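Heads up: the structure comes next, in structure tokens.
The values are calculated or read from the model by the stated rules, or taken from the named source; none is laboratory data. Every value quoted in this text rests on a predicted model; they were computed, and no experiment measured them. Ideal geometry is used to build each Cβ from the backbone, glycine not excepted, and the neighbour counts take in all protein chains shown. Side chains included, ligands, DNA and RNA excluded: accessible areas come from the protein's heavy atoms. Shrake-Rupley method; radii C 1.70, N 1.55, O 1.52, S 1.80 Å.
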Amino acid sequence: MFEQIKHNIETISGIEIYPILSLLIFFFFFVGLGFWVFSYKKEKIQEMSEIPLDEGYSIISKDNLK
């Protein structure tokens with residue numbers, strides 16, 4: 001069965017570009033994600049990291065609204 005699939009894929013013209021495109025998309029996505037993470041403001045990261053410890057925030061559920 002694998003030989004049949006392999007034969008069908010080899011006969012498609014222009015198929016060799018798809019692995020290259022998928023690698024480039026994968027690479028640029030993670031490079032962009034890394035750039036975004038390292039360029040994020042340190043003050044905002046500190047503020048978000050303190051949210052679970054801050055007693056000023058309360059969780060409001062639908063049960064409390066009744």
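Of all aspartates and glutamates in the structure, the ones whose alpha carbon falls short of 18 Å from that of LYS41, not counting any fewer than 8 places away in one chain, are GLU50. In this simple spin-label model, placing a label point 7 Å from the Cα along the Cα-to-Cβ direction at both ILE9 and PHE26 gives a separation of 1.3 nm.
The listed residues GLU50, GLU10, GLU55, once ranked by accessible area (1.4 Å probe) with the largest placed first, stand as GLU55, GLU10, GLU50. Converting phi to 3J(HN,Hα) with the Karplus coefficients 6.51, -1.76 and 1.60 and the offset θ = phi - 60°, the stretch 35-44 yields 4, 5, 5, 6, 9, 5, 5, 5, 5, 5 Hz in sequence order, with x at every glycine or proline.
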